[in-house]
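The values are calculated or read from the model by the stated rules, or taken from the named source; none is laboratory data. Given the structure is predicted, the values throughout are model-derived calculations rather than measurements. Every residue, glycine as well, gets a Cβ built from its backbone with ideal geometry; the counts of neighbours run over all protein chains shown. Please note that ligands, DNA and RNA were not included when accessible areas were found on the heavy atoms of the full protein model with its side chains. Shrake-Rupley method; radii C 1.70, N 1.55, O 1.52, S 1.80 Å.
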Amino acid sequence: MPSNMNKPPSRRGFLDWIVALGTMITTVAVSIPGLMYLWPAAKGGGDENVEVEGASKMATGQGKTIQVGSQAVVVVRHRSGFKAFSAVCTHLGCLVKWDQSAKAFLCPCHAAIFDENGKVVSGPPPAPLPEFVVKEIGDKIFVSAT
Amino acid sequence: MGLGKTVKQFFDDRYDTKLAGELISKQAFKRLPPHTGWLHVLGSLSLLLFISQTITGIMLLIYYRPTPEAAHKSIQFITAEVQFGWLYRQIHAWGASIMILAVILHMTRTYFMGAYKKPRELTWVTGVILFILTITFGFTGYLLPWNQIAFWATTVGTESANKVPVIGDWLQYFLRGGDAVTGETLSRFFVVHVIILPWALTGVIVVHLFLMRMSNLATLERVGEEAPLKPEHGIPFFPVHVAKEGVVVMMMLAVLVTLSVVSPWEIGEPANALETPPHIKPEWYFLPSYQLLKYFEGPYGALMGIIGCSVPFVLLLLWPFLDRGKERHPKKRPIAVVFGLFGLLGAMFLGYLGHISETDQSFFGKRYHITLKGWPEPIDDSTDAAPPTH
């Protein structure tokens, strides 16, 4: 064991240690509120039910892009009813468009194709389009994330 | 006593002006190595472009409004209503591209002349940091006009951030100020572009210049064998080198104004969060990374792509500590020269592929559709009579 391990700490050394510890605590105490301030204040939403304007006038096979919270969502009217998928391509975030004749979602950025159930048909996306919840209340259609 | 003498006396009575004068004179008349030529002006050119960007940026700030409702309109106002507003906006937009080009050329000169070697490793490292800060300037400034291309290029650019392992989602959320690119993102990018980056860049420039002045410009002699520069052999910084810099500044101003008039940047359509325009592509300096990312697919493709795009920057930062050979002259460093040329030409080739991908092109009289990954697919003209796009 080195001999200096047995020496009692000097007054100078102790004060240096206190100053270093104090500086560290102050830095952390000042940084935490600063970092919390920089963290985005509001969540994007998406939990609320958003009504699809003019849903009753949509023809079978027709699609419409709406905003649910901060998310763009494509609502498509099928024979069996309405379905809604996130319009955000899972590759790099561009917005897909519903192609009525091809019955598919097309991404304008890298030519990805998703089928009518949001599954990847071709292109680089690593995952299908997330599905949104559709509620039919009377003749009104509502879409929400959950 | 004249006014000049009175002012001089005022300072002489209070400060050690003789010492300050000696320091300035030593720096101003410092001798540079005999091989110092026009290529050594590229560093000063980068600095002068930064000064130009700062001045034009401050002028644009007077009328620019960083909100989604007002940003695009304020750019239109600057361009159409404010006297010479179009000119300052164009010089700022073109200056950004030319500054990045000047920094790349400056780094290329430094690399091939072996000037990053001992004792100038940290000068190189601070230079690479300046390069990274400069392209970050480009990325953050690109969003500010709040047009369709800017909005969606930023959406795609920040989308890549969530592919970073463990912290990806947080990082993306933090960068955007929320789930998607919104006014919060604009505010963040604005603050980074006009406050944080200018001061960070200024600080690193000061360190870079200090280090460069401390060790003077590199000669082409072997590491550790640089002979002390004899005053009669060197080139005086002032007036000889400064005169060259003056010529380059005048040429740069002429080029900036010419480009602004001949090839102005469009304002574009205002950002629409519900419609992505087709085939959005980033600025030329991001095209190599943009194209490289396309070759990584599958569940871990994006992560591998991010790693692949980071490797060149890490290599650049570490290069002086990896290449420890003594030779500086490019003819005596064949491996480093071939490696550098491979990297440079590879980046240019990838950038070109990124530029022409998803378009129709003509080569040797035949038409091809260039796929997403850059492969040419012949177009049958008998069935498709559409004219080629370039």
In nm, spacing of pseudo-spin labels at B:V314 and B:F210 (7 Å Cα→C-beta vector):
3.0 nm
Expressed to one decimal in nm², the mean projection of the alpha carbon convex hull of chain B is 26.6 nm²
Given points 7 Å out from each Cα along the Cα-Cβ axis, report the B:T202 to B:Y15 separation in nanometres with one decimal.
1.8 nm
For chain A, compute the number of Lys pairs whose alpha carbons are separated by less than 20 Å, excluding pairs fewer than 8 positions apart on the same chain.
18
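Relative contact order, percent, of chain B when contacts are C-alpha pairs under 8 Å separated by at least 6 residues? Mind dumping the intermediate values first?
Details: 414 pairs, mean separation 84.9, N = 390.
Computed value for chain B: 22 percent relative contact order.
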Helix-only mean residue ellipticity at 222 nm, chain B, DSSP H runs n ≥ 4 weighted -39,500 (n - 2.57), per residue, nearest 500. What is it?
-19500 deg cm²/dmol
Can you pull a Stokes-Einstein diffusion coefficient for chain A at 20 °C (1.002 mPa s), Rh from Kirkwood over Cα pairs, as a whole number of µm²/s?
111 µm²/s
Shielded residues, the stretch B:113-160 - accessible-area loss of 40 Å² or more between chain alone and all protein chains, probe 1.4 Å:
B:V156, B:E159
For a quick check of your reading of the filter: which GluC sites (Glu not before Pro) in the stretch B:14-114 sit in a DSSP loop and have no more than 13 other Cβ atoms within 10 Å?
B:E69, B:E81
If the reach is capped at under 23 angstrom between alpha carbons, list the lysines near B:K230, excluding any in the same chain fewer than eight residues apart.
B:K26, B:K30, B:K117, B:K118, B:K244, B:K326
Calculate log10 I(q)/I(0) of the stretch B:47-136 for q = 0.11, 0.17 Å⁻¹, where I(q) comes from the Debye formula with a single equal point scatterer on each Cα and nothing for solvent.
-0.44, -0.77
Note: probe point = Cα of B:K373 + 7 Å toward Cβ; backbone nitrogen < 17 Å; residues of the stretch B:310-353 passing the test are B:350-351, B:353
Considering the stretch B:133-206, what Rg and Dmax in Å follow from its alpha-carbon atoms?
12.6, 37
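May I ask for the accessible area buried between chains B and A, both sides summed, probe 1.4 Å, to the nearest 100 Å²?
Numbers: alone 22750 and 10160 Å², together 30820 Å².
That pair hides around 2100 Å² of surface in total.
Report the rotationally averaged projected area of the protein assembly as shown based on its alpha-carbon convex hull, in square nanometres.
Values: hull surface 159.7 nm².
For the Cα atoms of the protein assembly as shown, the hull's average projected area reads 39.9 nm².
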Write down the accessible area per residue of chain B in Å², having rolled a 1.4 Å probe over the full set of protein chains.
56 Å²
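Could you give me D for the stretch B:70-120, from Stokes-Einstein at 10 °C and 1.306 mPa s, where the hydrodynamic radius is the Kirkwood radius over C-alpha pairs? Units µm² s⁻¹, please. List each step's numbers first, then the result.
Working: Rh = 13.5 Å.
Rounded, D is 118 µm²/s.
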Could you work out how far apart the two model spin labels at B:T359 and B:N272 are, taking each label as a point 7 Å from the Cα in the direction of the beta carbon, and quote it in nm?
2.3 nm
Per-peptide average of other Cβ atoms within 10 Å, ordering A:96-108, B:144-156, A:20-32, B:179-191 highest first
B:144-156, B:179-191, A:96-108, A:20-32
Suppose R0 equals 25 Å. What FRET efficiency, 1/(1 + (r/R0)^6) with r the Cβ-Cβ distance, do B:E81 and B:S263 give to the nearest 0.05?
0.65
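Just to confirm the filter: which GluC sites (Glu not before Pro) across the stretch B:245-285 are DSSP coil and have at most 13 other Cβ within 10 angstrom of their Cβ? Intermediate values should be presented prior to the final figure.
Numbers: sites: B:E245, B:E266, B:E275, B:E283; in loops: B:E266, B:E275, B:E283.
Within the stretch B:245-285, the qualifying GluC sites (Glu not before Pro) (loop, at most 13 other Cβ atoms within 10 Å) are B:E266.
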Suppose a student asked you for the relative contact order of the stretch B:249-361, using Cα pairs under 8 Å spaced at least 6 residues apart; what percent would you report?
37 percent
Helical mean residue ellipticity (222 nm; -39500 (n - 2.57) per DSSP H run of 4+; nearest 500) of chain A
-7000 deg cm²/dmol
Which FRET efficiency value, to the nearest 0.05, is calculated for B:L122 and A:T146 with the Förster distance at 60 angstrom and r the Cβ-Cβ distance?
0.70
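Can you give the relative contact order of the stretch A:50-144 as a percent, counting alpha carbon pairs under 8 Å and 6+ residues apart? Show your work: numbers first, answer last.
On the way: 198 pairs, mean separation 24.0, N = 95.
Relative contact order here is 25 percent.
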Positions from the stretch B:242-280 whose accessible area shrinks by 40 Å² or more when the full protein complex is built, not the chain alone, probe 1.4 Å
B:L274, B:T276
From zero outward in steps of 5 Å, how is the percent of C-alpha pairs of the stretch B:116-252 spread across the bins?
2, 8, 13, 13, 14, 13, 9, 8, 8, 6, 4, 2, 0
